[in-house]
Amino acid sequence: MGDSVVVSVSREDLARIAVIGTSCAGKTSLASRLAEILGSKHVELDAIYWGPAWSECPTDEFREKVGTELESESWVVDGNYRKVRDLIWKKATAVVWMNYPFPLVFGRAVKRTAQRVATGEEMFSGNRETFRAGFLSRDAIPWWVVRTFRRRRREYAELLTKDARPGFAVIELRGQREADEFLGSLTHKR
């Protein structure tokens with residue numbers, strides 16, 4: 001990708017935004033703030049996908065639910081589900097790629113998991129993280145980050161090359177400072 005974050009996007013470019021990045025980059029937080037600034041609907045894919053007892057939404061049902069959410073004129077979607085990427089990217093006017101460094105993302109994964117275990121914070125459909133599931137399981141988020149970080153980063157770089165992507169703006173953020181600057185630039189344009 002390029003050498004700097006793209007901040008000179010038009011309001012039209014920001015009508016329908018997909019926020020992507022590795023697990024624990026902060027997609028939901030950024031998407032929520034973007035939606036608030038832009039007056040758009042926020043769609044959190046994890047909240048649609050995960051049912052009680054961490055049950056996965058069947059693919060057809062998941063695609064239908066996401067398709068319904070995308071009928072709005074303006075939205076900010078966060079998540080990385082390949083199962084619905086075609087639906088989202090076909091309608092997106094911009095993709096925000098949170099291309100953050102591994103130490104930052106892994107640190108967030110550990111901190112977030114520890115905080116959720118300690119507080120018993122409810123996540124999706126009444127689900128809660130436990131110490132065992134949050135740190136000792138092969139599917140625990142910190143270990144998921146370790147296993148998927150490099151692969152996802154390569155995948156997004158390939159998907160977002162100028163020749164490969166559909167006709168939407170790409171905004172690459174490489175750290176929290178760039179994210180804050182990007183959000184700040186939008187509040188000044190209001």
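The values are calculated or read from the model by the stated rules, or taken from the named source; none is laboratory data. Keep in mind it's a predicted model, so treat the numbers as computed, not measured. Here the Cβ positions follow ideal geometry from the backbone for every residue, glycine too, while neighbour counts run over all protein chains shown.
For segment 165-187, the tally of residues that are more than 16 Å from Asp13 (Cβ to Cβ) and either in contact (Cβ under 8 Å) with a residue 12 or more places away in the chain or in a strand (DSSP E or B) (or both) stands at 7. Looking across segment 32-41 at every residue that is within 13 Å of Ala179 (Cβ to Cβ) and under 14 Å from the mean Cα position of the chain (by Cα), the one that is surrounded by the most Cβ atoms within 10 Å (Cβ to Cβ) is identified as Leu34. Applying the condition of being among the charged types (D, E, K, R) and touching a residue at least 40 places away in the same chain (Cβ under 8 Å) to segment 97-115 and asking which residue is nearest to Arg150 (Cα to Cα) yields Arg108. Here Thr161 meets the list (1) assigned to a helix (DSSP H, G or I); (2) more than 23 Å from Val43 (Cβ to Cβ); (3) not hydrophobic (A, V, I, L, M, F, W, C) almost entirely, failing just condition (1).
Conditions tested, residue by residue: (1) at pLDDT below 95; (2) polar (S, T, N, Q); (3) surrounded by 17 or more Cβ atoms within 10 Å (Cβ to Cβ); (4) under 15 Å from Val95 (Cα atoms).
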| site | (1), (2), (3), (4) |
| --- | --- |
| Leu30 | no, no, yes, yes |
| Val43 | no, no, yes, yes |
| Tyr49 | no, no, yes, no |
| Trp54 | yes, no, no, no |
| Pro58 | no, no, no, no |
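Taken over segment 21-51, the residue count meeting the criterion of being touching a Lys or Arg at 6+ places or on another chain (Cβ under 7 Å) and closer than 16 Å to Leu70 by Cα is 2. Selection of first residues in segment 54-71 that are within 21 Å of Met123 (Cα to Cα) and of second residues that are among the hydroxyl-bearing types (Ser, Thr, Tyr) and in a helix (DSSP H, G or I), restricted to Cβ pairs under 8 Å at least 6 apart or on distinct chains, gives the following pairs, ordered by first then second residue: Glu56/Tyr49; Cys57/Tyr49; Phe62/Tyr49.
Considering segment 1-100, the qualifying helices (runs of 4 or more DSSP H), each wholly inside and each with 2 or more residues that are small (Gly, Ala, Ser), run over 27-38.
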